[in-house]
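Worksheet for the structure shown next.
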Amino acid sequence: MRKLILAIIAACALVIFLWFFFGYPKYQDMRLRKKLFTRSDYPQIAAACVKLANSVTNDGTPLLPSDPVVPPILRSLKPREIMYYSNYVRLDFGGEGRYTYDVQQSDTNPKLWTLDIGSPEQFGSQSLTTITNN
């Protein structure tokens, strides 16, 4: 009976270990994807990215969300890193899908900016909203 109890405990420990090693990262990734896809404030996020792009003095400088130049709405999204240029901003969220929000100025109309969600590992890129910056 004692051997059976030890075998059950060992099996449970193994299942927990395997879940944390293989299952938990996928669970976190699903939560991140849902969080990024189900927002209702995409135009505000895009506008904050445009504001950040308009403040650029050094193209391509990576920022941490804690940097004071980062607008509060972008900071609240908790990206790992922010890359910004005068016509493009990328919020990198990481995850297994390598999720990003990309805000880019239109080549044909400089007043138009488009917010896309990207995940090269999962689905490529998908447009979320387009805003006009006057």
| query | How about region 95-134: which of its residues are assigned to a strand (DSSP E or B), farther than 24 Å from P65 by Cβ and at pLDDT below 80? | reply | G124
| message | Can you confirm whether S86 is part of a loop (DSSP other than H, G, I, E, B) and within 15 Å of D102 (Cα to Cα)? | response | yes
| said: Just to be sure I understand, how many residues within region 36-61 are surrounded by 13 or more Cβ atoms within 10 Å (Cβ to Cβ) and outside any helix (DSSP H, G or I)? | reply: 4
| task | Please work out which one of (1) crowded, with 20+ Cβ neighbours inside 10 Å; (2) of a type outside the set (F, W, Y); (3) over 15 Å from the mean Cα position of the chain (by Cα) is the condition P72 fails and give its number. | result | (1)
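Here is a list: D29, D92. Which entry is of a type in the set (D, E, K, R) and either part of a loop (DSSP other than H, G, I, E, B) or touching a strand residue (DSSP E or B) at 6+ places or on another chain (Cβ under 6 Å) (or both)?
On the way: D29 fails: either part of a loop (DSSP other than H, G, I, E, B) or touching a strand residue (DSSP E or B) at 6+ places or on another chain (Cβ under 6 Å) (or both).
After ruling out the rest, the residue left standing is D92.
The values are calculated or read from the model by the stated rules, or taken from the named source; none is laboratory data. Not measured: the values here are computed from a predicted model. For neighbour counting, all protein chains shown are included, and Cβ atoms are generated from backbone atoms with ideal geometry for every residue, glycine included.
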